Structures are given as structure tokens and as C-alpha cells.
1. Evaluate the range 79-94: report whether one residue or more is in a strand (DSSP E or B) and closer than 13 Å to GLU146 by Cα.
2. Anything in the range 97-111 that is open to solvent by 50 Å² or more (accessible area, probe 1.4 Å), closer than 21 Å to SER140 by Cα and either part of a strand (DSSP E or B) or in contact with a helix residue (DSSP H, G or I) (Cβ under 8 Å, 6 or more places away or on another chain) (or both)? List them, or say none.
3. Filter the range 112-139 down to residues that are in contact with a His (Cβ under 6 Å, 6 or more places away or on another chain) and outside any strand (DSSP E or B) and give me whichever is surrounded by the fewest Cβ atoms within 10 Å (Cβ to Cβ).
4. Considering only strands (runs of 3 or more DSSP E) fully contained in the range 8-71, which possess at least 2 residues that are among the β-branched types (Val, Ile, Thr) and touching a strand residue (DSSP E or B) at 6+ places or on another chain (Cβ under 6 Å)?
5. Which one is nearest to THR68 (Cα to Cα) among residues in the range 140-149 that are open to solvent by less than 60 Å² (accessible area, probe 1.4 Å) and of a type in the set (A, V, I, L, M)?
6. Out of all the residues in the range 37-61, which are surrounded by fewer than 18 Cβ atoms within 10 Å (Cβ to Cβ), within 15 Å of the chain's Cα centre (by Cα) and within 17 Å of ALA115 (Cα to Cα)?
7. Out of all the residues in the range 78-96, which are open to solvent by 70 Å² or more (accessible area, probe 1.4 Å) and either under 19 Å from GLY130 (Cα atoms) or among the aliphatic types (A, V, I, L, M) (or both)?
8. I'm told GLY72 meets every condition in (1) of a type in the set (Gly, Ala, Ser); (2) under 14 Å from the mean Cα position of the chain (by Cα); (3) open to solvent by less than 20 Å² (accessible area, probe 1.4 Å); (4) at negative phi except one. Can you identify the failing condition by its number?
Amino acid sequence: FQGSITATGGVYLGGTTAENLLDDYEEGTWTPVLEGGSVTGAATYSTQLGKYTKIGRLVTFWFSITWTTHTGSGTAQVAGLPFANGNGSQTPACGVFTYKEPFTANNVPNGGIIAAAGTTWYHWQVPVGGGTSSGIPLTSDVNSKELQVNGQYYTA
């Protein structure tokens, strides 16, 4: 190990200049909340889990939600990410697993984005064969649906 510990608890890794200082590490949980883009609404959940690890400015997150009904409308989005996106622009995020979500005909999921300075993940779809992406619609049917997402982004 080449490094040293600072008086404030930070650790220098591989040198003693500012870019080598690791002074922020955090792990935790958060509660993902499914919302509609037009009308926020509320969901009936059977699973609602979120975890994150923050190293410096880099946040790695994961969430899993399973729901049966939702009173919102518009595109599906998940609020409550533990830190605001600090990239200065929208950030694509990730690996997505979806089960029984209502895609528009001839569309497939293409992941999602986190808006600049935001704490909400937006779920997107793209037409088969390419074309313009659009939000995945939120529906109020009673069939159980599941969404699991993992990704990374930078805080400010």
C-alpha cells in the first residue's frame, strides 16, 4: 500500500496531491418512488428497495420495485435517487430489467436517463429498428409489474 492518512480522515492513494485524495466514501439505502410524468399519483408496492455506494463524486445505485396498481399518468419515472446528478447534462444510466411493463407497440426499452441536477430516473423506450426515443407509459392495470435498474452518475 502506497498512501497516507490525512488528519481529517481522508486517504491519499498513490500520491499526495489533491487528485489522489479519497475523502468521501458512503454506502446506504434509499426508497425509490414510482411516479407518473404528467400526474405523479401513487403506487401499490410489493417491493420498494434502493441501495447506493458513493466514492468521491461517483454514485453507483441499484433499485428494485414491484407494483400492482398506480394512480398516476404520463411516462414512468422513479424519484428519490440519493444525490443530485452533477454532470451538467442528462446522464444515461444503465442496466434495466423490466417485467410486464406496457411498452408502446413496436418499441423496446433502451434504459433511462437522469436529468442534469436531478434525482429522478426517467424510463425510456425506442422503436424497433431505430428512431426517436420516448417515455414508457405508466398504466393503472392490476397486473404485477417489476423494474430493476443499476447505474452510475456523478454528483456536483
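The values are calculated or read from the model by the stated rules, or taken from the named source; none is laboratory data. Small disclaimer: the values here were computed from a predicted structure and weren't measured. Note that each Cβ is placed from the backbone with ideal geometry, even for glycine, and that neighbours are counted across all protein chains shown. Note: areas computed on protein heavy atoms with side chains; ligands, DNA, RNA excluded. Shrake-Rupley method; radii C 1.70, N 1.55, O 1.52, S 1.80 Å.
1. Taking the range 79-94 first, the residues in a strand (DSSP E or B) are 79, 91-92.
If we keep only those that are closer than 13 Å to GLU146 by Cα too, we end up with none.
No, the range 79-94 contains no residue that is in a strand (DSSP E or B) and closer than 13 Å to GLU146 by Cα.
2. The answer is PHE97, TYR99, VAL108, PRO109.
3. Of the range 112-139, the ones in contact with a His (Cβ under 6 Å, 6 or more places away or on another chain) are 112, 136, 138.
Right, trim to outside any strand (DSSP E or B) and you get 136, 138.
Numbers: ILE136: 24, LEU138: 26.
For the range 112-139, the residue satisfying everything is ILE136.
4. On the way: elements: 11-13, 25-29, 33-36, 43-55, 58-70.
The strands (runs of 3 or more DSSP E) meeting that bar are 43-55, 58-70.
5. Once the filter is applied, the top-ranked residue is LEU147.
6. Correct list: LEU58, THR60.
7. PRO92
8. Single failed check for GLY72: (2).
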